[in-house]
Amino acid sequence: MTAEEALRGFERFPAWMWRNAVVLDFVGWLREHNDDLGGDERAKAGFYGLDLYSLYRSIQEVISYLDRVDPAAAGRARERYACFDHASGGDGQAYGFAAAFGAGESCEEEMLEQLVDLQRNALEYARRDGLIAADEFFYAEQNAKVVQASAEYYRTMFSGRVSSWNLRDQHMAGTLDALAGHLSRQRGRPAKIVVWAHNSHVGDARATELGSQGELDVGQLVRERHPGSCRLLGFTTYTGMVTAASDWGGPAERKWVRPALPDSVEELFHDAGGKGFMLSFGHAPQAAQARRREGPGSAGTQPAGHAETGRRDPAGDSPRRIAPIRGTRRTGARRPAGPRLVPRASHIAARTGPAETVAGVAPPAVPMSGGI
């Protein structure tokens with residue numbers, strides 16, 4: 001399988017966030033890197049997804065796995081998952097609306113039953129072909145968890161933004177921990193992981209205004225669960241070019257990112273000079289407390305999304321505004337040559353040490369590229 005073929009599965013808006021030239025080059029390089037390592041599967045790096053939007057794709061993955069290892073269990077899975085066909089006709093948000101307001105049945109009990117059924121046979125399935133069987137069961141189990149979490153997520157979308165956001169990021173953090181445990185068992189040593197996601201997911205919510213409203217995120221949860229063994233690396237810019245849509249579901253466009261807002265940290269960094277630099281905050285909790293004491297008038301940062309309207313997207317994601325990707329200096333009317341189609345602004349949480357695994361916020365929790 002080629003790198004281009006491996007990325008064809010990204011069809012949900014905004015597809016270009018992962019299906020783009022930058023990721024294409026990375027996947028191709030990663031394949032060559034792994035090939036150079038020979039037959040030692042434990043030494044190779046993987047590329048995985050963490051998010052929960054792949055409701056129907058994950059259903060297909062669970063059934064496909066069970067068709068191979070346990071046809072009778074596959075039949076039971078089809079019966080349980082048929083609940084979504086009755087409730088939504090293939091639309092996750094339609095299912096959530098109907099379940100939230102009593103206009104249709106909730107499928108959450110069936111999804112929990114399916115996950116328990118799969119886990120009950122875990123040892124039998126995983127014993128069959130060693131490492132490969134263990135991998136395949138792990139992917140199937142994570143997809144079953146995606147289906148269960150998606151059912152609850154789409155329902156909570158219509159009952160409160162904070163609750164649905166927290167459920168999503170708790171799912172991603174749980175998937176990350178499960179992946180770390182799985183890879184660590186395979187390798188016989190702690191796995192080293194890099195998470196590539198939007199700043200709003202992998203920053204620390206405790207240092208933001210949204211944190212004071214009850215929101216949490218992956219960055220906060222990783223710091224709480226793995227104190228001392230993770231780092232958060234944020235990326236921002238003053239101005240530049242970006243790929244974004246003018247509305248949710250719209251086509252990709254090349255857009256000029258307006259200069260940073262007055263008194264924002266982006267403007268502060270820009271005025272400090274230097275085309276690119278890194279700042280290390282050794283006392284992040286104290287800095288967050290100081291910023292909260294200063295109140296809303298203190299220096300803030302521009303939220304970055306994948307579409308340029310001021311509304312949140314229907315799934316409760318980050319504010320849909322132009323996303324800065326790479327920084328440039330102020331150059332009058334001249335616009336810099338922008339990058340090719342690239343992902344939206346990203347933030348990385350990494351376990352200390354060289355990365356062995358890259359996990360991106362993209363569904364499902366299985367290898368994002370089958371060619372790796």
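The values are calculated or read from the model by the stated rules, or taken from the named source; none is laboratory data. Remember, it's a predicted structure, so these values are computed and weren't measured experimentally. Glycine also receives a Cβ, built like all others from the backbone with ideal geometry; neighbour counts cover every protein chain displayed.
Here is a check on your reading of the model: is PHE26 under 20 Å from VAL194 (Cα atoms), in contact with a Pro (Cβ under 7 Å, 6 or more places away or on another chain) and not in a loop (DSSP other than H, G, I, E, B)? For PHE26, the condition - under 20 Å from VAL194 (Cα atoms), in contact with a Pro (Cβ under 7 Å, 6 or more places away or on another chain) and not in a loop (DSSP other than H, G, I, E, B) - is not met.
When SER54 is tested against (1) modelled with pLDDT of 85 or more; (2) within 30 Å of PRO190 (Cβ to Cβ); (3) under 17 Å from the mean Cα position of the chain (by Cα); (4) not acidic (Asp, Glu), exactly one condition is not met: (1).
Within the stretch 209-252, the residues that satisfy the criterion of being over 26 Å from LEU179 (Cβ atoms) and polar (S, T, N, Q) are SER212, GLN213, THR236, THR237, THR239, THR243, SER246. The selection criterion, being touching a residue at least 12 places away in the same chain (Cβ under 8 Å) and part of a loop (DSSP other than H, G, I, E, B), holds for ARG19.
One line per residue, one yes/no per condition, for (1) buried (at least 23 other Cβ atoms within 10 Å of the Cβ); (2) free of Cβ contacts under 8 Å to residues at least 24 places away in the same chain; (3) in a helix (DSSP H, G or I); (4) not hydroxyl-bearing (Ser, Thr, Tyr):
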position: SER150; (1), (2), (3), (4): yes, no, yes, no
position: PHE158; (1), (2), (3), (4): no, no, no, yes
position: ARG168; (1), (2), (3), (4): yes, no, yes, yes
position: MET172; (1), (2), (3), (4): yes, no, yes, yes
position: ARG189; (1), (2), (3), (4): no, yes, no, yes
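Every residue, every condition in (1) over 25 Å from ARG187 (Cβ atoms); (2) out of contact with any His (no Cβ under 8 Å at 6 or more places or on another chain); (3) acidic (Asp, Glu), yes or no:
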| residue | (1), (2), (3) |
| --- | --- |
| ARG8 | yes, yes, no |
| GLU11 | yes, yes, yes |
| ALA15 | yes, yes, no |
| ASP35 | no, yes, yes |
| GLU41 | no, yes, yes |
| ILE63 | yes, yes, no |
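Okay, residues lined up against (1) crowded, with 19+ Cβ neighbours inside 10 Å; (2) at pLDDT below 75; (3) polar (S, T, N, Q); (4) in a helix (DSSP H, G or I):
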position	(1), (2), (3), (4)
GLY102	no, yes, no, no
ASP117	no, no, no, yes
PHE137	yes, no, no, yes
GLU141	yes, no, no, yes
ARG155	yes, no, no, yes
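Taking into account only those residues within the stretch 218-246 that are closer than 26 Å to SER163 by Cβ, touching a strand residue (DSSP E or B) at 6+ places or on another chain (Cβ under 9 Å) and of a type outside the set (Val, Ile, Thr), which is surrounded by the most Cβ atoms within 10 Å (Cβ to Cβ)? Checking each candidate, the answer is GLY219. Can you tell me which residue in the stretch 119-135 is surrounded by the most Cβ atoms within 10 Å (Cβ to Cβ), limited to those that are charged (D, E, K, R) and within 19 Å of ARG76 (Cβ to Cβ)? Applying the filter and picking the extreme gives GLU124. Here LEU123 clears all of (1) under 23 Å from PHE137 (Cα atoms); (2) of a type outside the set (D, E, K, R); (3) at pLDDT 85 or above except the condition numbered (3).
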